[in-house]
1. Evaluate the following for residue 133: is it among the acidic types (Asp, Glu), open to solvent by 20 Å² or more (accessible area, probe 1.4 Å) and in a strand (DSSP E or B)?
2. Residues being loosely packed, with under 10 Cβ neighbours inside 10 Å, part of a loop (DSSP other than H, G, I, E, B) and not aliphatic (A, V, I, L, M): count how many of those fall in segment 83-93.
3. Which condition breaks for residue 116 when tested against (1) out of contact with any Leu (no Cβ under 8 Å at 6 or more places or on another chain); (2) farther than 30 Å from residue 177 by Cα; (3) crowded, with 19+ Cβ neighbours inside 10 Å?
4. For segment 30-42, does any single residue satisfy the condition of being over 30 Å from residue 96 (Cβ atoms) and of a type in the set (Lys, Arg)?
5. Could you give me the residue pairs with C-beta distances under 6 Å whose first residue belongs to segment 59-82 and is in a helix (DSSP H, G or I), whose second residue is open to solvent by less than 50 Å² (accessible area, probe 1.4 Å) and at pLDDT below 95 wherever it lies, and which are 6+ apart or on separate chains?
6. Residue pairs, Cβ under 7 Å, 6 or more apart or interchain, first in segment 105-121 and farther than 23 Å from residue 79 by Cα, second assigned to a helix (DSSP H, G or I) and open to solvent by 40 Å² or more (accessible area, probe 1.4 Å). List them.
7. Can residue 5 be described as closer than 30 Å to residue 218 by Cβ and modelled with pLDDT of 95 or more?
8. State all residues of segment 194-229 that are small (Gly, Ala, Ser) and modelled with pLDDT under 50; if no residue qualifies, say none.
Amino acid sequence: MSTEAHNTADPTVIAVRGEAWIEVPPERARVNIVIEVDGADKTDVERRASDARNVCIDAAQAGHDPVNGPITDWAAGQLQVWSQRPWNADGVQLPLVFHSRSTLSATFSDLEAVGPWIDAATHDGAVALAGIDWSITDSTRRELEEGCQRDAVRNAVSKASVYASSLGLGSVRPTEIAEPVVLGSPDAEFGAVSRMALASAPGTPTGFAPEPIRIHVAVNARFEARPAD
């Protein structure tokens, strides 16, 4: 908070930061899995990797429905195979080892279906959960951000009014309001206008707990206040 008073006739400038935030349960979960197979025989590695990948693709296709879910969309990466000739602790180069890797991601609208699907998809030792990205829909995000923007402005007005009252001044009049990045404040704490904190769920698939989605909005505002009549 800063105040500037030139004389009794001039208004006092009050600068504040208004903030508002809300946490809501996620509406979407993007499950990321990785399929990796290693071995000494290239043909065998390719076969096992392809089989495991096809099982995951079949599982994604079985649940895919863009409107009703539980999987609204999915994507599978290409199967990659490469070789490496490792060295042992004595500096002796060992025979070729073949590696394969592919990925698949699936977005769920039904969060209750995530755990069972992960358990089924990762029963093969070649398949592992790489992470879960929690999110909300664009329409929900816009609605929540708009609500937080209004609340952040009200918070700024309330703060400025308290400072004005403490100085024996009358009601405040807004002269400037802007998002922190627009004002170009060098203070890192002002950050972006809204931030959505997304976290992946650790632990086993059947025991994961979705992290809440946090929407945070901040505004910088300046007000003028004159002595109360």
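1. Judged against the criteria, residue 133 is a match.
2. 4
3. Single failed check for residue 116: (3).
4. Yes, that holds for at least one residue.
5. Qualifying pairs under 6 Å: 59/121.
6. Filtered contacts from segment 105-121: 115/206.
7. Answer is no for this residue.
8. Those that are small (Gly, Ala, Ser) and modelled with pLDDT under 50: 194, 197, 199, 200, 201, 203.
The values are calculated or read from the model by the stated rules, or taken from the named source; none is laboratory data. Please read all numbers here as calculations on a predicted model, not as lab measurements. Every residue, glycine as well, gets a Cβ built from its backbone with ideal geometry; the counts of neighbours run over all protein chains shown. Areas reflect the complete protein model, heavy atoms only, side chains present, ligands, DNA and RNA absent. Shrake-Rupley method; radii C 1.70, N 1.55, O 1.52, S 1.80 Å.
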